[in-house]
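**Student:** Below is one structure. I have some questions about it.
Just so it is clear, none of the values below were taken in a lab; they were calculated from the coordinates. Values in this document were obtained by computation on a predicted structure and should not be read as measured data. Heads up, the Cβs are rebuilt from the backbone with ideal geometry, glycines too, and the neighbour counts pull from every protein chain shown.
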Amino acid sequence: MKKNIIWILTTLIIGVIAIIGIELMIVDYNHFWKYSADYGNFANDFDLVKNYITEAFPDKSDKWLSVSNDANGEVTLFDPETKSYLILPSDVVSSLTSIRNNAFPDKDSIFDTIRIHNNRISFCISNGEYALVYSPNQKPSWVNSPSENSKVKVKSIQGGWYHVTKN
């Protein structure tokens, strides 16, 4: 009788610990990717902007552009190197506005920077923890700069696109 009670209690305790462990892994995994951009619903916008950046800055490395809203609520790109705003085609402005206002659903995911490094284009958020990256030739190994020492997690999307977040 005592052995049965001990066995039942042991089984219950192990079961509860297993359930808690699984729940913590699920919560941690979801928290880990919480900053992720909604690439699925905004793929056309990201592709349009990526194509524009690629054409506007061929062979550029270690360049970045600041993303902000103007007084009318439309998105602008500021180039700190030239200290000027880029004059953008209306379709690029529309796509950038859509991305900035809708493609990063988490309240802490504020899209504020586009980074260019060789043929890699990164759509980065203000806290530096995540980037949606287009990298056609290799899997990304950093979020903001190749000199970072942070470990990253990378999730492949499609066609050279990746979610990249600090570990």
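**Student:** Could you derive backbone 3J(HN,Hα) for segment 102-115 from the dihedral phi with the Karplus parameters 6.51, -1.76 and 1.60 (θ = phi - 60°), listing whole Hz in sequence and x where the residue is Gly or Pro?
**Tutor:** For segment 102-115, the Karplus curve yields 9, 7, 10, x, 5, 4, 8, 9, 9, 5, 9, 8, 10, 10 Hz.
**Student:** Please list 3J(HN,Hα) in residue order for segment 120-133, calculated via the Karplus relation 6.51 cos²θ - 1.76 cosθ + 1.60 where θ = phi - 60°; whole Hz, with x for glycine and proline.
**Tutor:** Those phi angles translate into 9, 10, 10, 9, 9, 9, 5, 7, x, 8, 8, 8, 8, 10 Hz.
**Student:** Next up: PRE reach from N41 (point 7 Å along Cα→Cβ): which of segment 102-140 fall under 18 Å by backbone N?
**Tutor:** 102-111, 132
**Student:** Ordered by packing density, taken as the mean number of other Cβ atoms within 10 Å over each peptide's residues, highest first, how do 94-100, 66-72 rank?
**Tutor:** 94-100, 66-72
**Student:** I would also like to ask the following. Relative to the present Cα-Cα distance, how much length would full extension add between S90 and Q138 at 0.36 nm per residue of separation?
**Tutor:** Length gained between S90 and Q138: 14.2 nm.
**Student:** What are the ³J(HN,Hα) values, in whole Hz, obtained from phi via the Karplus relation 6.51 cos²θ - 1.76 cosθ + 1.60 with θ = phi - 60°, for each residue of segment 80-89 in sequence order, with x given for Gly and Pro?
**Tutor:** With the stated coefficients, segment 80-89 comes to x, 5, 9, 6, 8, 8, 6, 8, 9, x Hz.
**Student:** If r is the Cβ-Cβ distance from N72 to N127 and R0 is 30 Å, what FRET efficiency results, to the nearest 0.05? Mind dumping the intermediate values first?
**Tutor:** Values: r = 26 Å, r/R0 = 0.88.
Efficiency at R0 = 30 Å is approximately 0.70.
**Student:** D106: net charge of surrounding residues, Cβ under 11 Å, Lys/Arg +1, Asp/Glu -1, itself excluded?
**Tutor:** After counting each charged neighbour, the total is -1.
**Student:** For S84, what is the net charge nearby, where nearby means another residue's Cβ is under 15 Å from its Cβ and Lys, Arg count +1, Asp, Glu -1? Present the calculation step by step, with values, prior to reporting the outcome.
**Tutor:** Numbers: positive: K63, K83; negative: D70, D79, E81.
Residues close to S84 contribute a combined charge of -1.
**Student:** Further question on the same structure: Under a cut-off of 16 Å between alpha-carbon atoms, report the lysines in cross-link reach of K139, not counting same-chain residues fewer than 8 places apart.
**Tutor:** The qualifying lysines are K151, K153, K155, K166.
**Student:** Oh, and also: Any aspartates and glutamates with Cα under 17 Å of the K107 Cα? List them, leaving off those in the same chain fewer than 8 positions away.
**Tutor:** Candidates past the 8-residue exclusion: D38, E129.
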